[in-house]
Each structure stands twice: as C-alpha cells, then as structure tokens.
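Q: Structure in structure tokens, see below.
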Amino acid sequence: MKDSFGREINYLRISLTDRCNLRCEYCMPKDGIKNKVTHDGMLSLEELYQVTEAFVNLGISKIRFTGGEPLVRYGAVDLMGKVGELDGVREVTLTTNGILLDQYAEELVKAGVNRINISLDTLDEEKYSLITRGGNLHRVLAGIRRVKELGMKPIKLNTVLIGGFNDDEICDFVELTRDGSIDVRFIELMPIGEAASFAKSKFIPNSTVLEKVPGLVPIDREDPSSPATYYRLKDAEGKVGLINPISCKFCANCNRVRLTATGKLKLCLHSDREIDLRRIIREGGDLEQTIENAILTKDEEHHLENQEYIKRSMNSIGG
C-alpha cells in the first residue's frame, strides 16, 4: 500500500487505551484524564481486530501496540496473539512503561510478541518517582530482567531527553548497551499536547549524546524507514539510537500510520487531522476503501520547525 509520494506504508501503531498507570510530566495531566472516553467511545477488542485485519489485507505487516499503557486494558495480550496469527503479519511489538511487564512477560512471549520497547527516562529511583508522579522503578527493572530471562532480544529502552533532568545519565544509559540484549534509543522531547509548554524549557538536542559519549561509532542503518540513526560503543553488542523528530526530520522514509483507541486514523503523529474509522465500522461502510483513500492524503512532511504543534496529548494518540 503506497501513499501519493510513493512511500510504502506497512507499519501500523495501535493504541489500545488512553489510560495509564503513570502520570509522566510530559505526557499526562497531574490529575489524570479529565474527560475520559466512555466505554462505547472506545473501539472494542473485536473492532480493533476488524480494523487491524483490514490494514493487514492492504499490506500492513508490522503492528505495534501502545497506549496510554496497553497492558492496563483487559484482553490486550489475547488480541496481540490473534493479530500475530493473521496472514501477512511478520512482526508484533509492544511499547510499555514496564510497570506490568513482570506480570505479563510469559503471556506476551506465548502470544508471539516479537519485541518490547520500554519507556524509561531515568535509572534513578527518586527521579523516576518524580517524573512519573509516583512510579516504582523497581517494578520496571524486574520486568526487564524477566523478559531477558525469557530470551527476548533486543529489549529497546526509549529514553526521552529532558534538559536538567536526565542529561547527566546519558553515559549510564549508553553503558547498558554493553549487554547485548539491550538497545537504548534517545528521543528528543516533542512539543505535543501536555508537553508543548514543558518542552520549551526542557528541550535538548540529541547531539548532546554524541558530545557526552564521543566513543560512539556510527553503524549502517538496517531499515531505511527507521526514525533512528544508530551508533555503537566499539566493545558493546547493543546499539544506541538517536531519534530527532525536531532537529532532523525522517518524513521522507515514513512508513507508518496510527490508530487511536477511539478509532481515529492518524496519518502523521504531528498533525491534528484524523479519519474516523469507528464510524465506518459501526455504519457498515467499506473499511478497506476508506483506509486506501486516506493513505493517499498522507502529508509529505510535518512542520514542527514552524511550531505547528498538535493539541492532543501522547496518551490519547498512542506512544
């Protein structure tokens, strides 16, 4: 399935819920979600499967489940297993904050989840509790240990760079890659929703990583559609990725679209434009044709450099 610019769209990110068991400063309001989506406003698991099947029929081969926190939704792991059995799906992955990972690790492996990305912005217990507004770092580390024991590799840690908060931990995160089971990806703080004002004072570019760790050596990009530029310490097995949505666009090779928990198709993370697939499902419309038509309207690039920031917070979009 190609868009009007000839890009092959083969990657779908599905948000299972806008709820989360953390309240990270740059993602969630301090008091949680005020206008919570009703049960009927969410796609049911059956509807999520129906939409996913339509996308797979059109050529989507990689599915990533996100949230909020996807593991707080009852039946999430069963859905992942069913999606993984669809003809044409070659990879099912999960992005999680890791709080429930130890509890669900074995079920995720049995369901055929190929890889797990864990959002982790600090290795310091007190700082973790601060940025997440009460999260327990030990639960995340226990989950990482468990999936390592079960042989999942690589485990990717996604670390949002926050000036004055975790820039002093860059070297510590890079050191984790000496363990061949762990890759670390540093992500520039994006001015989205709750983080729009937060990012103005806390933003630091990913070039900070290369300044602090001059021993990182560039390595070939295995997947041209990957948003990350990869490096490696000379004596380390794991990789260090830099994702620079602000200082360096990767729109030309974008191969992804997103589905929110409420059934909105987002063709670009940094655009407020959405297509309502929930209505198409519930009114018995042609889902595949609607998706194909929408893909042809995917923008060539975002315009974050012009400070055209979107209104939705990441918890309602899907990480």
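Each value in this text was obtained by applying a stated rule to the coordinates, not by laboratory testing. All values reported here derive from a predicted model rather than from experimental measurement. Positions of Cβ are backbone-derived with ideal geometry, glycine not excepted, and every protein chain shown enters the neighbour counts.
Q: Within region 1-95, report the chymotrypsin sites (Phe, Trp or Tyr not before Pro) that DSSP leaves as loop and that have at most 13 other Cβ atoms within 10 Å.
A: Working: sites: Phe5, Tyr11, Tyr26, Tyr49, Phe55, Phe65, Tyr74; in loops: Phe5, Tyr26, Tyr74.
Listed in order of number, the matching sites are Phe5, Tyr74.
Q: Hand me the GluC sites (Glu not before Pro) from region 40-120 located in a DSSP loop with no more than 12 other Cβ atoms within 10 Å, in residue order please.
A: Sparse-neighbourhood loop GluC sites (Glu not before Pro): Glu85.
Q: Within region 158-184, whose backbone N sits under 16 Å from a point 7 Å along Cα→Cβ of Glu211?
A: Taking a point 7 Å out along Cα→Cβ of Glu211, the residues of region 158-184 whose backbone N falls under 16 Å are 161-171.
Q: What is the sum of charges around Arg73, taking Lys and Arg as +1, Asp and Glu as -1, for the other residues whose C-beta is under 11 Å from the C-beta of Arg73?
A: After counting each charged neighbour, the total is -2.
Q: Another question, then. What pairs from Lys36/Lys153; Lys30/Lys62; Lys156/Lys266; Lys156/Lys264; Lys36/Lys148 go past 29 Å between their alpha carbons?
A: In this structure, Lys36/Lys153; Lys30/Lys62; Lys36/Lys148 exceed 29 Å between Cα atoms.
Q: If you don't mind, there's one more thing I want to ask. Starting from the Cα of Asn136, move 7 Å in the Cα-to-Cβ direction to define the label point; list residues of region 79-99 whose amide nitrogen is under 15 Å from there.
A: 98-99
Q: If each residue of separation counts as 0.36 nm, what is the full-extension length gain between Arg279 and Cys171 once their alpha-carbon separation is subtracted? Don't skip to the end; give the middle numbers.
A: Working: separation 108, 0.36 × 108 = 38.88 nm, distance 4.79 nm.
Full extension from Arg279 to Cys171 adds 34.1 nm.
Q: Moving on. Can you sort Cys24, Cys254, Cys171 so the residue with the fewest Cβ neighbours within 10 Å comes first?
A: Fewest to most other Cβ atoms nearby, the residues stand as Cys171, Cys24, Cys254.
Q: Fewest Cβ neighbours within 10 Å first, please rank His39, His138 accordingly. Please list the in-between numbers first.
A: Working: His39 7, His138 11.
Placing the least packed residue first, the sequence is His39, His138.
Q: Step through the residues of region 277-291 one at a time and calculate ³J(HN,Hα) from phi using the Karplus curve (6.51 cos²θ - 1.76 cosθ + 1.60, θ = phi - 60°), rounding each to whole Hz and writing x for Gly and Pro.
A: Taking θ as phi minus 60°, the curve returns 7, 4, 5, 4, 4, 6, 9, x, x, 7, 5, 5, 5, 4, 5 Hz for region 277-291.
Q: Largest first, please: the extent of the C-alpha atoms of region 208-256 along each principal axis, to the nearest Å.
A: Taking the Cα atoms of region 208-256, the three principal extents are 33, 22, 12 Å.
Q: Computed on alpha carbon atoms, what radius of gyration and Dmax characterise region 11-317, expressed in Å?
A: For region 11-317, the Cα radius of gyration and maximum Cα-Cα distance read 18.7, 57 Å.
Q: What translational D, rounded to a whole number of µm²/s, comes out for region 58-173 from Stokes-Einstein when the hydrodynamic radius is the Kirkwood one over Cα pairs, at 10 °C and 1.306 mPa s? Intermediate results must be reported in sequence, preceding the final value.
A: Working: Rh = 15.0 Å.
For the chosen part, D equals 106 µm²/s.
Q: Identify the GluC sites (Glu not before Pro) of region 261-291 meeting these criteria: DSSP loop state and at most 15 other C-beta atoms within 10 Å of the C-beta.
A: Glu283
Q: Considering the options Val89, Val37, Gly75, tell which one lies farthest towards the positive end of the dipole of region 9-116, charges being +1 on Lys and Arg and -1 on Asp and Glu at the Cβ, about the Cα centre.
A: Sorting the options by dipole projection puts first Val37.
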